[in-house]
Amino acid sequence: MSLTIGQPAPQFKLYSSALKEVSLADFKGRKVVIHFFPMAFTGVCTTQLCTMRDSFGYYDGLNATILGISVDSPFTLAKFKEENNYQFDLLSDFNKEVSTAYGAIYEEFVFGLKGVSKRAAFVIDEEQNIIYAEVLESAGDLPDFAAIAEKVK
């Protein structure tokens with residue numbers, strides 16, 4: 001299932017690396033940039049999230065929240081966040097429901113792993129509608145950061 005521009009964003013509640021429940025509804029009235037990534041501590045995933053870390057002030061200044069989502073456990077994400085000094089929440093989609101709802105899931109990934117988040121980026125507006133959607137088939141590709149930034153303006 002692929003999501004389209006203008007469609008309401010699928011709602012979710014997930015646990016963060018701080019073991020707090022985070023809901024998309026918590027951010028109504030703000031833009032939300034969601035980055036799905038396959039696995040913590042891997043090269044391209046680290047690059048993806050470090051790019052957002054290094055741009056954090058830009059997004060915060062535009063009343064936008066950044067969220068990272070993967071199927072890693074909250075404990076793995078806590079260590080990943082700590083080691084890379086991410087200022088934004090990393091959310092555990094351990095049960096793969098949110099990745100599936102956003103059409104950002106590999107049925108089978110490397111090493112025979114099943115149900116791993118695809119690399120993807122979504123921008124959700126203040127009314128919680130999708131205004132940008134990018135789901136990448138190759139885990140080696142990065143999202144279009146310039147296009148994401150343009151949609152948040």
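The values are calculated or read from the model by the stated rules, or taken from the named source; none is laboratory data. Quantities reported herein were computed from a predicted structural model and do not represent experimental measurements. Positions of Cβ are generated from backbone atoms using ideal geometry, with glycine treated the same way; all protein chains shown enter the neighbour counts. Note: areas computed on protein heavy atoms with side chains; ligands, DNA, RNA excluded. Shrake-Rupley method; radii C 1.70, N 1.55, O 1.52, S 1.80 Å.
In region 110-118, is there at least one residue being touching a strand residue (DSSP E or B) at 6+ places or on another chain (Cβ under 9 Å) and within 28 Å of Tyr58 (Cα to Cα)? Yes; the residues of region 110-118 include at least one that is touching a strand residue (DSSP E or B) at 6+ places or on another chain (Cβ under 9 Å) and within 28 Å of Tyr58 (Cα to Cα). Tell me, please, whether a residue that is within 15 Å of the chain's Cα centre (by Cα) and over 20 Å from Pro10 (Cβ atoms) can be found in region 132-139. Yes, region 132-139 contains a residue that is within 15 Å of the chain's Cα centre (by Cα) and over 20 Å from Pro10 (Cβ atoms).
Based on what the data block shows, is Ile69 open to solvent by less than 10 Å² (accessible area, probe 1.4 Å), touching a Leu at 6+ places or on another chain (Cβ under 6 Å) and within 24 Å of Lys28 (Cβ to Cβ)? Walk me through it before giving the result.
Details: open to solvent by less than 10 Å² (accessible area, probe 1.4 Å): yes; touching a Leu at 6+ places or on another chain (Cβ under 6 Å): yes; within 24 Å of Lys28 (Cβ to Cβ): yes.
Yes.
Only a single item in (1) open to solvent by 40 Å² or more (accessible area, probe 1.4 Å); (2) modelled with pLDDT of 95 or more; (3) among the hydrophobic types (A, V, I, L, M, F, W, C) is not met by Leu113, and it is number (2). Show the residue pairs meeting these rules: Cβ distance below 7 Å; 6+ apart or different chains; first residue within region 126-145 and modelled with pLDDT under 95; second residue in a loop (DSSP other than H, G, I, E, B) and surrounded by 14 or more Cβ atoms within 10 Å (Cβ to Cβ). Pairs found: Ala139/Pro38; Ala139/Arg119.
Checking each residue in region 1-33 for being in contact with a helix residue (DSSP H, G or I) (Cβ under 7 Å, 6 or more places away or on another chain) and surrounded by fewer than 12 Cβ atoms within 10 Å (Cβ to Cβ) picks out Gln11, Leu19. On the given criteria, is Leu49 modelled with pLDDT under 95, closer than 23 Å to Ala18 by Cα and either not in a helix (DSSP H, G or I) or not aromatic (Phe, Trp, Tyr) (or both)? Yes: the conditions hold for Leu49.
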